[in-house]
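Peer 1: Pasting a structure below so you can have a look.
The values are calculated or read from the model by the stated rules, or taken from the named source; none is laboratory data. All values derive from a computational prediction rather than experimental measurement. Ideal geometry is used to build each Cβ from the backbone, glycine not excepted, and the neighbour counts take in all protein chains shown.
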Amino acid sequence: MKLKQLEGLLGGLDQFPHPKVELEQYPTGPHIASRMLFTAENSFGDVSDKVVADFGCGCGTLGIAAALLGAEHVVCIDIDPESLEIATLNAEELELDMDFIQSNLLDLGWRVDTVIMNPPFGTRKKGADLDFVSVALKVASQAVYSLHKTSTRDHVKRTALRDFGASSAEVLCELRFDVPKLYKFHKKKEVDIAVDLWQFVPASNQS
Amino acid sequence: MRLLTHNMLSSNIKGVVNGFPLRIEAVKVVEKTVEMNGDFLKKMFDKIDWKAFVVASQAMGYTELPEEADSSMLDSNEFLNRFHHALLELHLEEGALVCPETGRRFPVSKGIPNMLLHEDEV
C-alpha cells in the first residue's frame, strides 16, 4: 500500500465527537499516523505479520493503520468506552479484524511484537507520557513506536534508557502534530506542535 | 475478542498471585472467517499457552482441538486449520472473563472486555 493511499484511508475515520480533556484525547492525524506506521514497517519490518498493540488507541487510528499495513493481529487498548465504540465502527467500515480492550495501562500476559502509540503528553496527568513508555517496554518484544513532544526529548531519552532499561531509545524523525481547536481553553484555530517519533527497543533479555 | 487476545490477558487485581487464565463465560459467540497465514500460526504456537487455549475454545463451543499439542502437529493441514479457526475466527461478543482466584467478572460487551479495575482492586 502506498503512503498516500494509507493517508487517504485514515483521513476517512471518525474521531472523538466529544473529546475528554482529562484524558488528553486528541486525534492522531492521518499525515502523522501514516508516516509513523510506514517508518515502522518499511525501515524496520515491525508491522506486517506481527502482533501489534496500540496503547491509548482512542478512535483507533494507529491500530487501523497497522492492520492496513499487514499486521497479522492488532489489539487496541483504551480506558474510554466511547472511543472504543468509535474505533470498533472505524475498523468495521474498513472490514478490518481487530480486538479492542477497555483498560487502564495494562501489562499483558505475554509479549506482543510491537507497540505503537500516541500517548498523552502529560499536560493533564504529569508523567503520563512516560507511564505509557514504561508499560509499553514491558509488553513489546521487538519495538515501541511512540510520539512525544520534542521539548521533552532529553528527559524521555534519559528515562527510557536509565529507568526503564530500554536497550536503545532513538528519535527517528521530527514531525508536526497539528492540533485543531478542540477544547475551550484552546485560543488559536490550529497549532502545530513539534513531536518526535521515537523507537524504543526493550532490553534484549526479555522472554 | 478472539482467543489469541484472550491468551494474553490476565487478572491484575491486587493480591492475585496468578490471574491467568481468565475463565470464559460465553453468552454470544460469533464466527468470522479470515484468511489463514501458516507462518504466523507457527510463530504463535510457541507463544501461546496451549492448555489455556484449549479450555477457552471449549468454553466458546469449539471442541476440535487436541488437549495436548506439539510443534510436529503443525505439519498437518487439518491441525493448522483447527488451530487457525479457534485462534482467530471465534469471537466472544457477549459474556465475561472471570478471574481464576477471586471470581471477579470482567464483562465482555460488543466484543470488548472491560478490564478496568475498581479503586479497591488496584
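Peer 1: Failed condition for residue A:147, given (1) surrounded by fewer than 14 Cβ atoms within 10 Å (Cβ to Cβ); (2) under 24 Å from residue A:43 (Cβ atoms), with all others met?
Peer 2: With (1) surrounded by fewer than 14 Cβ atoms within 10 Å (Cβ to Cβ); (2) under 24 Å from residue A:43 (Cβ atoms) applied to residue A:147, the lone miss is (1).
Peer 1: Suppose we keep only residues that are of a type in the set (A, V, I, L, M) and in contact with a Ser or Thr (Cβ under 6 Å, 6 or more places away or on another chain) within the stretch A:75-100. Which one would you say is farthest from the other protein chains (Cβ to nearest Cβ)? Outline the logic, then answer.
Peer 2: Residues of the stretch A:75-100 that are of a type in the set (A, V, I, L, M), as a first pass: A:75, A:77, A:79, A:84, A:86-87, A:89, A:91, A:94, A:96, A:98.
Now restrict to residues that are in contact with a Ser or Thr (Cβ under 6 Å, 6 or more places away or on another chain): A:75, A:77.
Values: A:75: 6, A:77: 9 Å.
Filtering the stretch A:75-100 for residues that are of a type in the set (A, V, I, L, M) and in contact with a Ser or Thr (Cβ under 6 Å, 6 or more places away or on another chain), the one farthest from the other protein chains (Cβ to nearest Cβ) comes out as A:77.
Peer 1: Of all the residues that make up the stretch A:1-46, how many are of a type in the set (S, T, N, Q), within 13 Å of the chain's Cα centre (by Cα) and modelled with pLDDT under 95?
Peer 2: 2
Peer 1: Need pairs with beta-carbon distance below 8 Å; first residue among the polar types (S, T, N, Q) and within the stretch A:33-51, second assigned to a loop (DSSP other than H, G, I, E, B); sequence gap 6+ or separate chains.
Peer 2: Sorted first by the residue in the stretch A:33-51, then by its partner, the pairs are A:48/A:69; A:48/A:70; A:48/A:71; A:48/A:72.
Peer 1: Based on this model, can you work out whether residue B:70 counts as over 28 Å from residue B:105 (Cβ atoms) and among the acidic types (Asp, Glu)? First the steps, then the outcome.
Peer 2: Working: over 28 Å from residue B:105 (Cβ atoms): yes; among the acidic types (Asp, Glu): yes.
Answer is yes for this residue.
Peer 1: Within the bounds of the stretch B:57-69, is there any residue that is surrounded by 12 or more Cβ atoms within 10 Å (Cβ to Cβ), within 13 Å of chain A (Cβ to nearest Cβ), under 15 Å from the mean Cα position of the chain (by Cα) and under 23 Å from residue A:77 (Cβ atoms)? Quick ask: steps written out before the conclusion?
Peer 2: Just the residues of the stretch B:57-69 that are surrounded by 12 or more Cβ atoms within 10 Å (Cβ to Cβ), to begin with: B:57-60, B:62, B:64-66, B:69.
Next, from what is left, pick out any that are within 13 Å of chain A (Cβ to nearest Cβ): none.
So far as the stretch B:57-69 goes, no, none of its residues is surrounded by 12 or more Cβ atoms within 10 Å (Cβ to Cβ), within 13 Å of chain A (Cβ to nearest Cβ), under 15 Å from the mean Cα position of the chain (by Cα) and under 23 Å from residue A:77 (Cβ atoms).
Peer 1: Given B:113, B:107, which one is surrounded by fewer than 16 Cβ atoms within 10 Å (Cβ to Cβ), within 16 Å of residue B:22 (Cβ to Cβ), under 17 Å from the mean Cα position of the chain (by Cα) and not charged (D, E, K, R)? Can you show your working first?
Peer 2: Working: B:113 fails: surrounded by fewer than 16 Cβ atoms within 10 Å (Cβ to Cβ).
That would be B:107, the only listed residue that is surrounded by fewer than 16 Cβ atoms within 10 Å (Cβ to Cβ), within 16 Å of residue B:22 (Cβ to Cβ), under 17 Å from the mean Cα position of the chain (by Cα) and not charged (D, E, K, R).
Peer 1: If you don't mind, there's one more thing I want to ask. Within the stretch A:177-204, track down each residue that is over 20 Å from the mean Cα position of the chain (by Cα) and at pLDDT 85 or above.
Peer 2: If the condition is that a residue be over 20 Å from the mean Cα position of the chain (by Cα) and at pLDDT 85 or above, then A:203 is the only one that fits.
Peer 1: Separate question: Only residues that are buried (at least 22 other Cβ atoms within 10 Å of the Cβ) and more than 12 Å from chain B (Cβ to nearest Cβ): list them for the stretch A:101-142, please.
Peer 2: Answer for the stretch A:101-142, where residues must be buried (at least 22 other Cβ atoms within 10 Å of the Cβ) and more than 12 Å from chain B (Cβ to nearest Cβ): A:114, A:115, A:116, A:117, A:118, A:129, A:132, A:133, A:136, A:137, A:140.
Peer 1: Checking residue A:49 against (1) of a type in the set (Asp, Glu); (2) under 14 Å from the mean Cα position of the chain (by Cα); (3) part of a loop (DSSP other than H, G, I, E, B), which single condition isn't satisfied?
Peer 2: (2)
Peer 1: Return the residue satisfying two criteria in turn: it lies in the stretch A:164-194 and is touching a helix residue (DSSP H, G or I) at 6+ places or on another chain (Cβ under 8 Å) and among the acidic types (Asp, Glu), and of such residues it is farthest from residue A:16 (Cα to Cα).
Peer 2: A:174
Peer 1: Now, a different point. With the checklist (1) farther than 28 Å from residue A:96 by Cβ; (2) within 14 Å of chain A (Cβ to nearest Cβ) in hand, flag the one item residue B:96 doesn't pass.
Peer 2: Answer for residue B:96: the failing condition is (1).
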